[in-house]
Structure formats: C-alpha cells, structure tokens
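Participant: One structure is given below, represented as structure tokens, and several questions about it will come after.
The values are calculated or read from the model by the stated rules, or taken from the named source; none is laboratory data. For clarity, every value in this text was computed on a predicted model and none was experimentally measured. Every residue, glycine among them, receives a Cβ derived from its backbone with ideal geometry; neighbour counts consider all protein chains shown.
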Ligand code: T3D
C-alpha cells in the first residue's frame with residue numbers, strides 16, 4: 001500500500017510513522033487511519049523492528065478526528081468509523097510486541113492525544129499541549145480516553161481534563177505523570193532517537209511481555225497477574241537475550257541483546 005497521509009520508515013530496528021497532514025494539524029482523516037493500521041500491521045510482522053516511534057509533521061502532533069467530513073461520509077460522530085478505523089487502530093497499537101514512543105512535537109488533541117498516551121513513552125516538546133477537546137464540540141471522549149486517563153492521572157485530574165477541555169501544557173503533563181518527559185523543542189528529535197536506540201538495542205521479547213503485563217495488571221487481580229508473570233518469565237528465560245544477559249553479567253561486559 002502506498003501512503004498519502006503518513007510517512008513510514010524503518011531504519012536500524014526503529015520504525016517511525018509520521019502523521020503527515022500538517023496543514024490540518026495532522027487531523028485524523030479516515031484514510032489516514034487506514035494507512036496507519038496498514039503500517040502498524042506491517043511493522044508487527046517485521047521481526048527486524050524493535051521499537052516504534054509515532055510523531056507528527058509540522059507544528060502539531062495531531063488535532064484529533066478530522067472535523068471536515070470526507071467525500072462519501074465519515075467525519076466526527078460517524079459510529080461506523082469507530083468500529084472500522086479507531087478501534088482497529090487502538091487494538092493494533094496495544095497488541096504491538098515492541099515498545100512504542102510518541103514524540104509529541106506540538107498539540108495532541110482529542111483522539112490525537114490518546115494516540116500519544118497509548119504509547120509506552122511520551123516525550124513532548126515543552127511548548128506542546130495535551131487537550132481533551134471532545135467536550136468543546138459537544139462530544140463524549142472516545143478512543144479509550146475514559147479508561148486511559150483515570151489510570152494515568154487519577155479520576156480527579158482525568159475529570160478536569162475531560163470536562164473542562166483545557167490545554168494541559170507538556171511540562172504540567174510531565175509533573176502529573178501523564179507523560180515521560182518534556183524537553184526543549186530543539187532537543188526533541190535527538191532525545192527521541194536516543195531513547196529509541198536504547199530500546200532498539202534492548203531485550204525486545206522482554207519489553208513486549210512487560211507491555212502486555214502492565215495492561216493485564218490494570219484489569220486483573222494480583223494473583224492473575226502473578227500467574228501471567230510466571231508464564232512470561234518462563235518464555236523470557238528461554239530467550240537468547242536471557243542467555244546473553246547472564247553471560248554478559250558473568251563476564252563483566254555489556255550485553256548485546258538481539259531481541260530474540
Ligand atoms: O469521528 C469520530 O466521531 C471520532 C471521534 C474522535 C474524537 C476526537 O478526536 S474529537 C476532537 C476533534 N478535534 C478537535 O475538536 C480539535 C479542533 N481543533 C482545534 O480546536 C484547534 O485547531 C487547535 C486547538 C487544535 C489548534 O488551534 P490553532 O489556533 O493552533 O490552529 P487552527 O488555526 O485552529 O488550525 C489550523 C488549521 O488546522 C485550520 O485550517 P485552515 O483554516 O488553516 O485551513 C484548521 O481548520 C485545521 N484543523 C485543526 N483541527 C482540525 C482541523 N481540520 C480538521 N479537523 C480538525 N480536527
């Protein structure tokens with residue numbers, strides 16, 4: 001599939017998807033969502049990919065759902081789009097077996113905000129903001145907002161974001177624990193790359209199971225989660241990276257993980 005609304009590239013184990021509708025602040029056009037799902041399915045099948053980076057072209061990360069209905073229907077409020085596009089994208093993202101970084105170069109709004117917050121690490125330009133804009137246009141939150149936000153920042157702050165629909169500056173978002181870090185805009189690309197390279201040279205299988213474990217633990221009991229940890233530890237202990245990690249420890253050198 002060739003892409004019109006996104007850039008996608010894989011370099012050195014790092015797959016980067018750039019939302020590319022800068023004139024519309026990377027608003028999520030339905031065809032863009034189809035392209036994103038295609039790219040994520042492609043990277044999920046590519047065993048060479050060890051970290052996935054999401055970012056936006058221009059001055060925004062994403063302004064959320066496209067509010068200009070495309071020809072033939074769609075646009076905000078179209079229920080079918082949730083089933084066919086948003087939920088599919090969310091599922092593919094959550095099921096990825098490698099770490100995901102959102103490099104938030106500007107406003108992250110509505111579904112665009114959730115797209116960032118569903119990542120494992122969110123690094124944002126200090127001048128960026130996070131905005132749950134749904135209420136400002138008379139919509140209720142979707143794309144997992146009412147599940148993700150209370151878990152990340154608690155119900156009081158989630159309610160504040162969701163009901164007041166005000167911009168949350170990146171630095172405040174970092175103070176609240178909503179995101180990993182806020183950095184100077186001029187450092188964002190380098191900081192993102194450094195984190196991506198670090199993760200791309202780590203034990204990918206273990207990262208994938210940590211991802212799975214965190215989501216699972218949020219929804220299940222302690223004992224169920226311990227049971228999953230036990231199953232995953234057995235798998236991790238059979239990996240080449242575990243063998244390499246122990247060997248490196250014994251011989252007092254840095255491990256060279258292969259992601260296998
Ligand atoms: O379909 C479904 O039902 C699914 C539901 C999904 C949930 C959502 O995501 S709902 C939330 C939808 N998003 C919004 O409500 C945000 C709308 N945008 C804004 O409020 C503002 O644009 C911002 C606060 C994000 C930024 O403001 P500002 O002043 O920096 O930029 P601007 O001038 O408003 O926007 C620049 C251009 O981007 C402008 O186009 P123009 O006039 O230069 O040709 C604007 O129309 C366009 N744009 C911004 N957001 C969207 C958009 N075009 C389409 N859809 C947008 N969401």
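Participant: Determine whether the range 44-53 contains at least one residue that is assigned to a strand (DSSP E or B), modelled with pLDDT of 95 or more and within 14 Å of the ligand (Cβ to nearest atom).
Facilitator: Our first condition is that a residue be assigned to a strand (DSSP E or B); within the range 44-53, this holds for 51-53.
Those still in the list that are modelled with pLDDT of 95 or more too: 51-53.
Next cut, within 14 Å of the ligand (Cβ to nearest atom) only: none.
Checked against the condition, which is being assigned to a strand (DSSP E or B), modelled with pLDDT of 95 or more and within 14 Å of the ligand (Cβ to nearest atom), the range 44-53 yields no hits at all.
Participant: Just name the residue that is nearest to the ligand (Cβ to nearest atom) out of those in the range 96-112 that are in a strand (DSSP E or B) and under 13 Å from residue 148 (Cβ atoms).
Facilitator: Keep residues of the range 96-112 that are in a strand (DSSP E or B), which gives 100-104, 108-109.
Next, only the ones that are under 13 Å from residue 148 (Cβ atoms) stay: 102, 108.
On the way: 102: 15, 108: 9 Å.
Taking the candidates together, the pick is 108.
Participant: Moving on to the next point. Looking at the range 14-35, which of the residues that are touching a residue at least 40 places away in the same chain (Cβ under 8 Å) and out of contact with any strand residue (DSSP E or B) (no Cβ under 6 Å at 6 or more places or on another chain) is farthest from residue 202 (Cα to Cα)?
Facilitator: If we take residues in the range 14-35 being touching a residue at least 40 places away in the same chain (Cβ under 8 Å) and out of contact with any strand residue (DSSP E or B) (no Cβ under 6 Å at 6 or more places or on another chain), then 24 is farthest from residue 202 (Cα to Cα).
Participant: Kindly list the number of the only condition in (1) buried (at least 16 other Cβ atoms within 10 Å of the Cβ); (2) part of a helix (DSSP H, G or I); (3) more than 16 Å from the ligand (Cβ to nearest atom) that fails for residue 182.
Facilitator: Unmet for residue 182, out of (1) buried (at least 16 other Cβ atoms within 10 Å of the Cβ); (2) part of a helix (DSSP H, G or I); (3) more than 16 Å from the ligand (Cβ to nearest atom): (2).
Participant: Please work out if residue 190 is touching a residue at least 60 places away in the same chain (Cβ under 8 Å), away from the ligand (no atom under 12 Å from the Cβ) and either closer than 30 Å to residue 260 by Cβ or surrounded by 23 or more Cβ atoms within 10 Å (Cβ to Cβ) (or both).
Facilitator: Values: touching a residue at least 60 places away in the same chain (Cβ under 8 Å): no; away from the ligand (no atom under 12 Å from the Cβ): yes; either closer than 30 Å to residue 260 by Cβ or surrounded by 23 or more Cβ atoms within 10 Å (Cβ to Cβ) (or both): yes.
When the stated conditions are applied, residue 190 does not pass them.
Participant: Of all residues in the range 137-150, which are within 6 Å of the ligand (Cβ to nearest atom) and more than 18 Å from residue 117 (Cα to Cα)?
Facilitator: 137, 139
For every residue, the table says whether it meets (1) surrounded by 17 or more Cβ atoms within 10 Å (Cβ to Cβ); (2) out of contact with any strand residue (DSSP E or B) (no Cβ under 7 Å at 6 or more places or on another chain); (3) at pLDDT below 95.
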residue: 105; (1), (2), (3): yes, no, no
residue: 114; (1), (2), (3): yes, yes, no
residue: 194; (1), (2), (3): no, yes, no
residue: 208; (1), (2), (3): yes, yes, no
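Participant: Looking at (1) within 17 Å of residue 255 (Cβ to Cβ); (2) in contact with a strand residue (DSSP E or B) (Cβ under 6 Å, 6 or more places away or on another chain), find the lone condition where residue 179 falls short.
Facilitator: (1)
Participant: Right, next: Out of (1) in a helix (DSSP H, G or I); (2) buried (at least 16 other Cβ atoms within 10 Å of the Cβ), the odd one out for residue 259 is which?
Facilitator: If we test residue 259 against (1) in a helix (DSSP H, G or I); (2) buried (at least 16 other Cβ atoms within 10 Å of the Cβ), just (1) comes out false.
Participant: In addition: Checking residue 11 against (1) touching a residue at least 24 places away in the same chain (Cβ under 8 Å); (2) over 21 Å from residue 148 (Cβ atoms), only one condition comes out false. Which one?
Facilitator: (1)
Participant: Within the range 80-95, does at least one residue satisfy the condition of being away from the ligand (no atom under 16 Å from the Cβ) and either over 29 Å from residue 135 (Cβ atoms) or part of a loop (DSSP other than H, G, I, E, B) (or both)?
Facilitator: Start the filter on the range 80-95 by keeping residues that are away from the ligand (no atom under 16 Å from the Cβ), which leaves 92, 94-95.
Next cut, either over 29 Å from residue 135 (Cβ atoms) or part of a loop (DSSP other than H, G, I, E, B) (or both) only: 95.
Scanning the range 80-95 turns up at least one residue that is away from the ligand (no atom under 16 Å from the Cβ) and either over 29 Å from residue 135 (Cβ atoms) or part of a loop (DSSP other than H, G, I, E, B) (or both).
Participant: Name the residue, out of 230, 211, that is assigned to a helix (DSSP H, G or I), over 25 Å from the mean Cα position of the chain (by Cα), within 27 Å of residue 151 (Cα to Cα) and not assigned by TED's automatic domain parsing to the domain that holds residue 98. If you could, list the steps in order and put the result at the bottom.
Facilitator: On the way: 211 fails: over 25 Å from the mean Cα position of the chain (by Cα).
The unique qualifying residue is 230.
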